[in-house]
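Read through the structure below, which is laid out as C-alpha coordinates, and then see the notes.
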Amino acid sequence: KNEVEQSPQNLTAQEGEFITINCSYSVGISALHWLQQHPGGGIVSLFMLSSGKKKHGRLIATINIQEKHSSLHITASHPRDSAVYICAVTFGNEKLTFGTGTRLTIIP
Amino acid sequence: EPEVTQTPSHQVTQMGQEVILRCVPISNHLYFYWYRQILGQKVEFLVSFYNNEISEKSEIFDDQFSVERPDGSNFTLKIRSTKLEDSAMYFCASRATPNAFFGQGTRLTVV
(Lines give C-alpha, C1' and ligand atoms only; values in the text may rest on other atoms or scores of the structure.)
Protein backbone atom coordinates (compact mmCIF):
# COMPACT_ATOMS: atom_id res chain seq x y z
CA LYS A 1 0.00 0.00 0.00
CA ASN A 2 1.45 3.33 -1.03
CA GLU A 3 1.55 6.00 1.66
CA VAL A 4 2.03 9.63 0.67
CA GLU A 5 3.41 12.05 3.23
CA GLN A 6 3.62 15.80 2.84
CA SER A 7 5.42 18.43 4.83
CA PRO A 8 4.82 20.89 6.21
CA GLN A 9 1.10 20.57 6.92
CA ASN A 10 0.78 24.33 7.21
CA LEU A 11 3.03 27.04 5.88
CA THR A 12 2.71 30.80 6.30
CA ALA A 13 5.12 33.09 4.49
CA GLN A 14 5.53 36.70 3.46
CA GLU A 15 4.83 37.78 -0.07
CA GLY A 16 7.92 37.33 -2.21
CA GLU A 17 9.40 34.44 -0.26
CA PHE A 18 10.59 31.23 -1.91
CA ILE A 19 8.32 28.35 -0.94
CA THR A 20 9.13 24.64 -0.78
CA ILE A 21 6.62 21.88 -0.14
CA ASN A 22 7.82 18.31 0.17
CA CYS A 23 6.26 14.97 -0.65
CA SER A 24 7.54 11.47 -0.01
CA TYR A 25 6.00 8.14 -0.88
CA SER A 26 6.63 4.61 0.19
CA VAL A 27 6.64 2.42 -2.93
CA GLY A 28 7.53 2.76 -6.59
CA ILE A 29 5.16 4.80 -8.73
CA SER A 30 4.65 5.59 -12.39
CA ALA A 31 3.79 9.26 -11.87
CA LEU A 32 3.45 11.92 -9.22
CA HIS A 33 0.96 14.76 -9.42
CA TRP A 34 0.94 18.14 -7.75
CA LEU A 35 -2.54 19.57 -7.36
CA GLN A 36 -3.89 22.84 -6.08
CA GLN A 37 -7.12 23.18 -4.12
CA HIS A 38 -8.61 26.60 -3.50
CA PRO A 39 -10.98 27.46 -0.65
CA GLY A 40 -14.01 26.82 -2.88
CA GLY A 41 -12.87 23.21 -3.03
CA GLY A 42 -12.09 22.68 -6.72
CA ILE A 43 -8.93 20.78 -7.62
CA VAL A 44 -6.59 21.87 -10.39
CA SER A 45 -3.74 19.76 -11.71
CA LEU A 46 -0.45 21.69 -11.66
CA PHE A 47 2.09 19.08 -12.71
CA MET A 48 2.44 15.44 -13.57
CA LEU A 49 5.97 14.14 -13.49
CA SER A 50 7.71 10.81 -13.55
CA SER A 51 11.31 12.03 -13.54
CA GLY A 52 13.41 15.16 -13.39
CA LYS A 53 11.96 18.61 -13.18
CA LYS A 54 9.14 20.69 -14.66
CA LYS A 55 8.55 24.43 -14.60
CA HIS A 56 5.44 26.45 -15.23
CA GLY A 57 5.66 30.15 -14.55
CA ARG A 58 6.72 30.60 -10.93
CA LEU A 59 6.11 26.96 -10.07
CA ILE A 60 8.80 24.30 -10.23
CA ALA A 61 8.34 20.62 -9.44
CA THR A 62 11.12 18.10 -9.02
CA ILE A 63 11.15 14.39 -8.35
CA ASN A 64 13.86 11.99 -7.21
CA ILE A 65 12.69 8.49 -8.03
CA GLN A 66 15.50 6.78 -6.13
CA GLU A 67 14.72 8.69 -2.95
CA LYS A 68 10.94 8.54 -3.50
CA HIS A 69 10.69 12.25 -2.93
CA SER A 70 9.29 15.26 -4.73
CA SER A 71 9.29 18.96 -4.05
CA LEU A 72 7.09 21.80 -5.25
CA HIS A 73 8.71 25.23 -5.25
CA ILE A 74 7.05 28.60 -5.69
CA THR A 75 9.28 31.55 -6.50
CA ALA A 76 8.30 35.15 -5.68
CA SER A 77 5.21 33.97 -3.80
CA HIS A 78 2.04 36.04 -3.99
CA PRO A 79 -1.12 36.09 -1.87
CA ARG A 80 -3.04 34.52 -4.75
CA ASP A 81 -0.82 31.43 -4.31
CA SER A 82 -2.60 30.80 -1.01
CA ALA A 83 -4.26 27.41 -1.33
CA VAL A 84 -3.88 23.79 -0.32
CA TYR A 85 -1.23 21.99 -2.36
CA ILE A 86 -1.70 18.25 -2.68
CA CYS A 87 0.72 15.57 -3.78
CA ALA A 88 -0.78 12.43 -5.30
CA VAL A 89 0.81 9.34 -6.84
CA THR A 90 -0.34 6.77 -9.34
CA PHE A 91 0.58 3.59 -11.13
CA GLY A 92 -0.21 3.81 -14.84
CA ASN A 93 -3.85 4.69 -15.35
CA GLU A 94 -4.86 3.54 -11.92
CA LYS A 95 -6.29 5.63 -9.14
CA LEU A 96 -4.48 8.51 -7.49
CA THR A 97 -3.42 8.12 -3.89
CA PHE A 98 -3.42 11.49 -2.18
CA GLY A 99 -1.34 13.11 0.52
CA THR A 100 -2.98 15.14 3.24
CA GLY A 101 -2.09 18.45 1.62
CA THR A 102 -0.11 21.51 2.66
CA ARG A 103 -2.08 24.64 3.49
CA LEU A 104 -0.10 27.62 2.20
CA THR A 105 -0.89 31.16 3.29
CA ILE A 106 1.00 34.08 1.76
CA ILE A 107 0.74 37.31 3.70
CA PRO A 108 0.95 40.58 1.75
CA GLU B 1 -9.06 23.94 -22.58
CA PRO B 2 -11.12 20.77 -22.07
CA GLU B 3 -12.72 20.39 -18.69
CA VAL B 4 -14.65 17.98 -16.54
CA THR B 5 -18.00 19.37 -15.43
CA GLN B 6 -19.98 18.28 -12.39
CA THR B 7 -23.54 18.99 -11.38
CA PRO B 8 -24.92 20.05 -9.04
CA SER B 9 -22.26 22.10 -7.32
CA HIS B 10 -24.04 21.71 -3.98
CA GLN B 11 -26.75 19.31 -2.91
CA VAL B 12 -28.52 19.04 0.40
CA THR B 13 -30.46 15.86 1.05
CA GLN B 14 -32.23 14.18 3.92
CA MET B 15 -30.75 11.07 5.45
CA GLY B 16 -32.07 7.97 3.72
CA GLN B 17 -32.71 9.68 0.41
CA GLU B 18 -31.10 8.68 -2.85
CA VAL B 19 -28.80 11.12 -4.60
CA ILE B 20 -27.26 11.10 -8.05
CA LEU B 21 -24.13 13.11 -8.70
CA ARG B 22 -23.43 13.83 -12.33
CA CYS B 23 -20.21 14.30 -14.23
CA VAL B 24 -19.38 14.96 -17.86
CA PRO B 25 -15.81 13.77 -18.42
CA ILE B 26 -13.59 14.97 -21.23
CA SER B 27 -14.91 13.36 -24.37
CA ASN B 28 -11.93 11.32 -25.57
CA HIS B 29 -10.90 10.11 -22.13
CA LEU B 30 -11.16 6.44 -21.28
CA TYR B 31 -10.66 6.25 -17.53
CA PHE B 32 -13.08 7.77 -15.06
CA TYR B 33 -12.92 8.10 -11.32
CA TRP B 34 -14.90 9.26 -8.33
CA TYR B 35 -13.15 10.56 -5.25
CA ARG B 36 -14.47 12.11 -2.11
CA GLN B 37 -13.13 14.48 0.50
CA ILE B 38 -14.70 14.69 3.92
CA LEU B 39 -14.25 18.17 5.39
CA GLY B 40 -10.77 18.57 6.83
CA GLN B 41 -9.56 15.21 5.53
CA LYS B 42 -7.59 14.08 2.52
CA VAL B 43 -9.09 13.08 -0.79
CA GLU B 44 -10.02 9.39 -0.91
CA PHE B 45 -10.52 7.10 -3.87
CA LEU B 46 -13.99 5.62 -4.35
CA VAL B 47 -14.11 3.89 -7.72
CA SER B 48 -12.53 3.73 -11.15
CA PHE B 49 -14.37 2.92 -14.36
CA TYR B 50 -12.98 1.74 -17.68
CA ASN B 51 -14.55 0.18 -20.73
CA ASN B 52 -18.01 0.52 -19.24
CA GLU B 53 -17.27 -1.36 -16.08
CA ILE B 54 -15.79 -0.85 -12.64
CA SER B 55 -12.06 -1.56 -12.72
CA GLU B 56 -11.37 -0.94 -9.04
CA LYS B 57 -13.30 0.15 -5.97
CA SER B 58 -12.35 1.03 -2.44
CA GLU B 59 -13.73 -0.28 0.83
CA ILE B 60 -15.82 2.88 1.04
CA PHE B 61 -17.65 1.95 -2.15
CA ASP B 62 -20.15 -0.47 -0.63
CA ASP B 63 -23.55 -1.65 -1.88
CA GLN B 64 -25.03 1.79 -1.28
CA PHE B 65 -22.92 3.20 -4.10
CA SER B 66 -23.17 2.60 -7.81
CA VAL B 67 -21.76 4.19 -10.95
CA GLU B 68 -23.06 4.34 -14.48
CA ARG B 69 -22.17 5.76 -17.84
CA PRO B 70 -25.69 5.72 -19.22
CA ASP B 71 -25.28 7.54 -22.52
CA GLY B 72 -21.59 7.58 -23.40
CA SER B 73 -21.06 11.09 -22.08
CA ASN B 74 -22.40 11.35 -18.54
CA PHE B 75 -20.79 9.50 -15.66
CA THR B 76 -22.94 9.27 -12.55
CA LEU B 77 -22.44 8.29 -8.94
CA LYS B 78 -25.55 7.16 -7.09
CA ILE B 79 -25.86 6.83 -3.35
CA ARG B 80 -29.00 4.81 -2.62
CA SER B 81 -29.71 5.67 0.98
CA THR B 82 -27.58 8.52 2.21
CA LYS B 83 -26.08 8.60 5.69
CA LEU B 84 -24.83 11.57 7.64
CA GLU B 85 -21.26 10.37 7.10
CA ASP B 86 -21.71 10.61 3.33
CA SER B 87 -21.49 14.38 3.68
CA ALA B 88 -18.39 15.31 1.70
CA MET B 89 -17.09 16.90 -1.45
CA TYR B 90 -17.29 14.44 -4.34
CA PHE B 91 -14.89 14.84 -7.24
CA CYS B 92 -15.10 13.27 -10.65
CA ALA B 93 -11.90 12.86 -12.66
CA SER B 94 -11.07 11.57 -16.11
CA ARG B 95 -7.85 10.73 -17.90
CA ALA B 96 -6.59 9.36 -21.17
CA THR B 97 -2.96 10.25 -20.57
CA PRO B 98 -1.09 10.11 -17.31
CA ASN B 99 -2.54 13.54 -16.56
CA ALA B 100 -5.78 13.62 -14.62
CA PHE B 101 -8.46 16.29 -14.97
CA PHE B 102 -10.79 17.02 -12.09
CA GLY B 103 -14.23 18.50 -11.95
CA GLN B 104 -15.00 21.32 -9.54
CA GLY B 105 -16.74 18.93 -7.20
CA THR B 106 -20.21 18.46 -5.73
CA ARG B 107 -20.60 19.35 -2.09
CA LEU B 108 -23.08 16.87 -0.64
CA THR B 109 -24.65 17.70 2.70
CA VAL B 110 -26.77 15.04 4.36
CA VAL B 111 -29.08 16.32 7.09
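The values are calculated or read from the model by the stated rules, or taken from the named source; none is laboratory data. These numbers were taken from a predicted model, which means no experiment stands behind them. Because the Cβ atoms are built from the backbone with ideal geometry, glycine has one as well, and the counts that use them run over all protein chains shown. Each accessible area value is taken on the protein alone, full model and side chains, heavy atoms only, with ligands, DNA and RNA left out. Shrake-Rupley method; radii C 1.70, N 1.55, O 1.52, S 1.80 Å.
Determine ³J(HN,Hα), in whole Hz, for all residues of the range B:9-21 in sequence, where each value follows from phi through the Karplus function 6.51 cos²θ - 1.76 cosθ + 1.60 and θ = phi - 60°; x replaces Gly and Pro.
Ordered by residue, 3J(HN,Hα) equals 7, 8, 9, 10, 9, 7, 3, x, 7, 8, 10, 10, 9 Hz.
Considering the options B:His10, B:Ile60, A:Ser71, tell which one lies farthest towards the positive end of the dipole of the protein assembly as shown, charges being +1 on Lys and Arg and -1 on Asp and Glu at the Cβ, about the Cα centre.
It is A:Ser71.
Dipole of chain A, Cα-centred, from +1 at each Lys and Arg C-beta and -1 at each Asp and Glu C-beta, to the nearest 20 debye? Numbers along the way, then the final one.
Numbers: 9 positive and 7 negative charges, 45 e Å.
That gives a dipole near 220 debye.
Within 10 Å of each Cβ in peptide A:96-108, how many partner chain Cβ atoms are there on average? Round it to a whole number, please. Show your work: numbers first, answer last.
On the way: counts 9, 4, 7, 2, 4, 4, 0, 0, 0, 0, 0, 0, 0.
Going residue by residue through A:96-108 and averaging, the value is 2.
Given a 1.4 Å probe and no ligands, DNA or RNA in the count, how much accessible surface is buried by B and A, both sides, to the nearest 100 Å²? It would help to have the intermediate numbers written out before the result.
Numbers: alone 6550 and 5860 Å², together 10770 Å².
Roughly 1600 Å².
Using every pair of alpha-carbon atoms in chain B, split the distances into 10 Å bins beginning at 0 and state the percent of pairs per bin, rounded to integers.
Here the calculated profile for chain B is 15, 51, 29, 4.
Can you give the mean number of other chain Cβ atoms that lie within 10 Å of the Cβ atoms in peptide B:47-56? Write down the numbers at each step before the final one.
Numbers: counts 1, 4, 0, 2, 0, 0, 0, 0, 3, 2.
Partner Cβ neighbours, averaged per residue: 1.
Taking a cut-off of 27 Å between Cα atoms, list the lysines near B:Lys83, but don't count ones fewer than 8 places away on the same chain.
Correct list for B:Lys83: A:Lys95, B:Lys42, B:Lys57.
Accessible surface of B:Tyr50 in the full protein assembly, 1.4 angstrom probe, to the nearest 10 Å²?
90 Å²
With just the Cα atoms defining each centre, how far is the range B:45-111 from the range A:30-108? Give it in Å.
23 Å
What are the ³J(HN,Hα) values, in whole Hz, obtained from phi via the Karplus relation 6.51 cos²θ - 1.76 cosθ + 1.60 with θ = phi - 60°, for each residue of the range A:61-70 in sequence order, with x given for Gly and Pro?
Couplings: 10, 10, 9, 10, 5, 5, 8, 6, 8, 9 Hz.
Need one value: the accessible area of B:Ile20 in square angstrom, 1.4 angstrom probe, rounded to the nearest 10.
50 Å²
Can you find, among A:Gly99, B:Phe49, B:Ile20, the residue farthest towards the positive end of the dipole of the protein assembly as shown? Put +1 on the C-beta of Lys and Arg, -1 on that of Asp and Glu.
Sorting the options by dipole projection puts first A:Gly99.
List the lysines whose Cα lies under 17 Å from the Cα of A:Lys53, skipping any in the same chain that are fewer than 8 positions away.
Answer for A:Lys53, where 17 Å is the Cα cut-off: A:Lys68, listed by chain and number.
Just checking the output field for A:31-41: average partner chain Cβ neighbours within 10 Å of each residue's Cβ?
On the way: counts 4, 0, 3, 0, 3, 0, 6, 1, 0, 5, 10.
Shielding by partners across A:31-41 averages 3.
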